[in-house]
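My structure is below; once you've seen it, I'll send some questions.
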Amino acid sequence: MNIQKIHHVAYRCKDARETVRWYRQHLGMDFVLAIAEDEVPSTKAPDPYMHVFLDAGGGNVLAFFELPNSPEMGRDPNTPVWVQHIALKVGTMDELLSTKARLQEAGIEVLGPTNHTLFQSIYFFDPNGHRLELAFDTSTPEMMKKLDEVKWAMLEEWAQTKRAPRHAAWMHEPINRP
C-alpha cells in the first residue's frame, strides 16, 4: 500500500456555519464542500449531520461535523488541553507575527511565538474549543539529519524508561534558541 496524503481530518463543531465563517475570516481558508445527510452512510444510523470541508493548503483538507442530535460536545478530561491540536504551516515568520496581531485585534487570545528550535509557533482556540497552532519552519537540513539519526534510539529508550531521552538535548541548549 502507498498512502498518498491525508484525504481529510475531521473534528466536531458546535455550529457549521459559524465554523466556516471563522476559518475563512481568521485563517483565510476556502470553504470547498458541504455534505448533509439524515443517515450516517457507514453505520446507517438515523443521525442528521452537516459535514463541511475547508482547504488547508497543499491538498490538505480540514473538515468538521455538526451533530444537532448528539449531546453537547466535550473533550477528553484526561488529556491536557495542549496535547490535542491542529497544527498548520505558514510560509514566513512575518506571516506568523502578522496573523498573531490580526487574531489579537479580533479579540482572540494568542500564546507565543514559542521557539521549538525546529519551528516557531503561536497557539489559540477556534470557536469550538479546538486548539490551533500556526508554525513557521526554522529547521536546517543538518538539524533534521541529526534528528533522523537518533529517532529509533530515542523511541526505544522511551519505550523502556518513559523518560525523555537526551539524544537531541542540543535542541534545548540556549545557543540554538534565537
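Tally Lys/Arg at +1 and Asp/Glu at -1 over every other residue whose Cβ is under 15 Å from the Cβ of ARG166; what's the total?
Cβ neighbours under 15 Å give a net charge of 0.
Is region 1-73 rounded, prolate or oblate when judged by the Cα gyration tensor, a ≥ b ≥ c being the square roots of its eigenvalues, rounded requiring a/c under 1.5 and prolate requiring a/b larger than b/c?
Taking the square roots of the gyration eigenvalues as a ≥ b ≥ c, region 1-73 is oblate.
Right, here's the next one. Among PHE31, HIS85, LEU118, flag the residue with its Cα farthest along the positive direction of the charge dipole of the chain, charges on Cβ as +1 for Lys/Arg and -1 for Asp/Glu.
Most positive-ward Cα: LEU118.
Based on the alpha-carbon set only, what is the convex hull volume of the chain divided per residue, in Å³?
Each residue corresponds to 182 Å³ of Cα convex hull volume.
If you don't mind, there's one more thing I want to ask. Here are some pairs, LYS44/LYS89; LYS5/LYS151; LYS100/LYS145; LYS89/LYS145; which of them have Cα atoms lying more than 25 Å apart in this structure?
Pairs exceeding the cut-off: LYS44/LYS89; LYS100/LYS145.
Counting other Cβ atoms within 10 Å, keep those with at most 12, restrict to DSSP loop, and tell me which GluC sites (Glu not before Pro) in region 1-104 are left.
Loop-located and lightly packed - GLU39, GLU72.
Can you give me the C-alpha center-to-center distance between region 1-34 and region 104-146, rounded to a whole angstrom?
Their Cα centres are 19 Å away from one another.
What list of ³J(HN,Hα) values in whole Hz, one per residue of region 50-66 in order, does the Karplus curve 6.51 cos²θ - 1.76 cosθ + 1.60 (θ = phi - 60°) give from phi, with Gly and Pro shown as x?
10, 10, 10, 10, 10, 7, 9, x, x, x, 8, 10, 10, 10, 9, 10, 9
Here's a follow-up. Please give the length that would be gained between ASN78 and VAL40 if that part of the chain were fully extended, namely 0.36 nm times their separation in residues minus their C-alpha to C-alpha distance (nm, one decimal).
Length gained between ASN78 and VAL40: 10.8 nm.
Given a cut-off of under 8 Å on Cα pairs at least six residues apart, what relative contact order in percent is computed for the chain?
Rounded, it is 17 percent for the chain.
Since every read-out is calculated from the coordinates, none of them should be taken as a lab result. These figures come from a predicted structure and were not determined experimentally. Every residue, glycine among them, receives a Cβ derived from its backbone with ideal geometry; neighbour counts consider all protein chains shown.
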